[in-house]
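Notes follow the structure.
The values are calculated or read from the model by the stated rules, or taken from the named source; none is laboratory data. Source: prediction; values computed, not measured. All Cβ positions, glycine included, derive from the backbone under ideal geometry; neighbour counts span all protein chains shown. Keep in mind that these areas ignore ligands, DNA and RNA; they rest on the heavy atoms of the full protein, side chains included. Shrake-Rupley method; radii C 1.70, N 1.55, O 1.52, S 1.80 Å.
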Amino acid sequence: MSEPTPKSKSALDEINKTGAFVRTSAAFRNWIKEGSEFPPEADRYHLYISYACPWASRCLALYYMKGLENVIGLSVVHPTWQRTKPDDPEDLHAGWCFRSPGDPPLSNTGGHGSFDCSDCIPDTVNGFRTVRDLYEKSKDTTGKYSVPVLWDKKNSCIVNNESSEILRMFNDQFDKWATNPSLDIFPAELEEEVESFNSWIYPKINDGVYKCGFAVSQEAYEDAFKNLFEAMDKLEGVLSER
């Protein structure tokens, strides 16, 4: 018997009973490293991102800072969400889609705006129409089709979709081919301190803005707002001393 298809969802659906936003954890957490199922190789992996997603954009920033353009391929989705199964009237999921420069402009699912495709880079690996297709090809079980996605062209599957882990792989696993291999954004001597900062910056600031923006109850919003600005004040204190 085949496994049931997960119910598709987006960040707008990740709300608990109190009206608070609760992010679904990234489902694909494999690591690229020597001796693993996914060893570092040039022209084996492909990065899928959206300029509209800050998590994906930080991966793209390091991609260029390290000089990985000739090592790892790149695709950039259209900045609006579109119906991912437009021919299925019962499937209303909207998410990231691929387009090519020169394609007609797209409005969002509410019919607002007109956004051109000039900055899009299509899926040159699989020829897929949506990011959802990548997840379904990889037998996803979460139903959430987010970016960034780091894809293995050899095994035709997602390696990792957690931006913080993709950053660390980009930082040191492709130095053999990178044009700026000496750049190290995660030096070993600062690892403990970085992890300490991340333990509160991620949940209260990085994810905190989402908790504010997606809250659907006043109580959830006020709690997220309080945590966000307390963390911002704490970070201001740290930066003022450095």
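Sort largest first and round to whole Å: the equivalent ellipsoid semi-axes of segment 84-137, each the square root of five times a Cα gyration tensor eigenvalue. Before the final figure, lay out each step's value.
Details: eigenvalues 71, 62, 11 Å².
Value: 19, 18, 7 Å, ordered largest first.
Could you please state, rounded to a whole Å, how far the C-alpha centre of segment 159-195 is from the C-alpha centre of segment 225-242?
25 Å
Label points 7 Å out from Cα along the Cβ direction at His112 and Ser36: separation in nm?
4.0 nm
If I model segment 1-104 as equal point scatterers sitting on the Cα atoms and use the Debye formula, what is log10 I(q)/I(0) at q = 0.16, 0.18 Å⁻¹?
One equal scatterer on each Cα of segment 1-104 leads to -1.04, -1.19.
Among the lysines, select those whose C-alpha is under 16 Å from the C-alpha of Lys9, and discard any that sit fewer than 8 residues away in the same chain.
Output for Lys9: Lys85, Lys139, Lys144.
Could you give the alpha-carbon Rg of segment 174-241 over 2.2 N^0.38 Å, rounded to two decimals?
On the way: Rg = 16.6 Å, N = 68, 2.2 N^0.38 = 10.9 Å.
Ratio of Rg to 2.2 N^0.38 Å for segment 174-241: 1.52.
Could you report the chain's accessible area per residue, 1.4 Å probe, as an integer in Å²? Numbers along the way, then the final one.
On the way: 13320 Å² over 242 residues.
Per residue, the chain has an accessible area of 55 Å².
Of the peptides 88-94, 142-148, how do they stack up when ordered by the mean number of other Cβ atoms within 10 Å, highest first? Walk me through the intermediate numbers first.
On the way: 88-94: 12.6, 142-148: 21.9.
Highest-to-lowest ranking by the protection proxy: 142-148, 88-94.
Residue by residue, what Karplus-based ³J(HN,Hα) values in Hz, rounded to whole numbers, does segment 29-43 have, using 6.51, -1.76 and 1.60 with θ = phi - 60° and x for Gly and Pro?
With coefficients 6.51, -1.76 and 1.60, one gets 10, 6, 10, 8, 6, 4, x, 9, 5, 10, x, x, 8, 6, 6 Hz.
For a test of the definition: using alpha carbon positions, the gyration tensor, and the 1.5 limit on a/c, classify segment 96-222 as rounded, prolate or oblate. Please report the intermediate quantities before stating the final value.
On the way: a/c = 1.85, a/b = 1.13, b/c = 1.65.
Verdict is oblate for segment 96-222.
Count the net charge of all other residues whose Cβ sits under 14 Å from the Cβ of Gln173, scoring Lys and Arg as +1 and Asp and Glu as -1. All intermediate terms of the calculation are to be shown ahead of the outcome.
On the way: positive: Lys33, Arg44, Lys66, Arg168, Lys176; negative: Glu34, Glu37, Glu41, Asp152, Glu165, Asp172, Asp175, Asp184.
So the environment of Gln173 carries a net charge of -3.
Restricting to DSSP H runs of at least four residues, report the calculated mean residue ellipticity at 222 nm for the chain, -39500 (n - 2.57) per run over all residues, nearest 500 deg cm²/dmol.
Working: 6 runs with 71 residues, N = 242.
Per the formula, -9000 deg cm²/dmol.
Can you give the accessible area of Trp177, probe radius 1.4 Å, in Å² rounded to 10?
Result for Trp177: roughly 80 Å² accessible.
Taking every alpha carbon pair in the chain, what does the distance histogram look like in 10 angstrom bins from 0, in percent?
7, 26, 34, 25, 8, 0, 0
Charges only on Cβ, +1 for Lys and Arg, -1 for Asp and Glu: so what's the dipole of the chain about the Cα centre, in debye to the nearest 20?
On the way: 26 positive and 38 negative charges, 115 e Å.
My answer is approximately 560 debye.
Grab the beta carbon distance between Glu90 and Asn206, set R0 = 35 Å, and tell me the FRET efficiency rounded to 0.05. Let's see the in-between values first.
Details: r = 35 Å, r/R0 = 0.99.
The value I calculate is 0.50.
Just to make sure I understand: if all protein chains stay in place, what is the order of Tyr64, Tyr135 by accessible area at 1.4 Å, largest first? Could the numbers behind the result be given before it?
Working: Tyr64 110, Tyr135 0 Å².
Correct descending sequence by accessible area is Tyr64, Tyr135.
Taking a 1.4 Å probe, which of Leu68, Leu167 shows the most accessible area, and what order do the others take after it? Provide the component values of the computation, followed by the final result.
Working: Leu68 0, Leu167 25 Å².
Ranking Leu68, Leu167 by accessible area, largest first, yields Leu167, Leu68.
Arranged from highest to lowest average of other beta-carbon atoms within 10 Å per residue, in what order do the peptides 23-29, 186-192 appear? Intermediate values should be presented prior to the final figure.
Working: 23-29: 14.9, 186-192: 9.1.
Result, highest mean first: 23-29, 186-192.
If Lys176, Lys204, Lys154, Lys226 are ordered by their accessible area, calculated over protein heavy atoms with a 1.4 Å probe, which sequence runs from highest to lowest? Could the numbers behind the result be given before it?
Working: Lys176 170, Lys204 85, Lys154 140, Lys226 110 Å².
I get Lys176, Lys154, Lys226, Lys204, largest accessible area first.
How many percent of the accessible area of segment 1-118 is carbon or sulfur, using a 1.4 Å probe? Please report the intermediate quantities before stating the final value.
Working: 3420 of 6510 Å².
Percent of accessible area from carbon and sulfur atoms in segment 1-118: 52.
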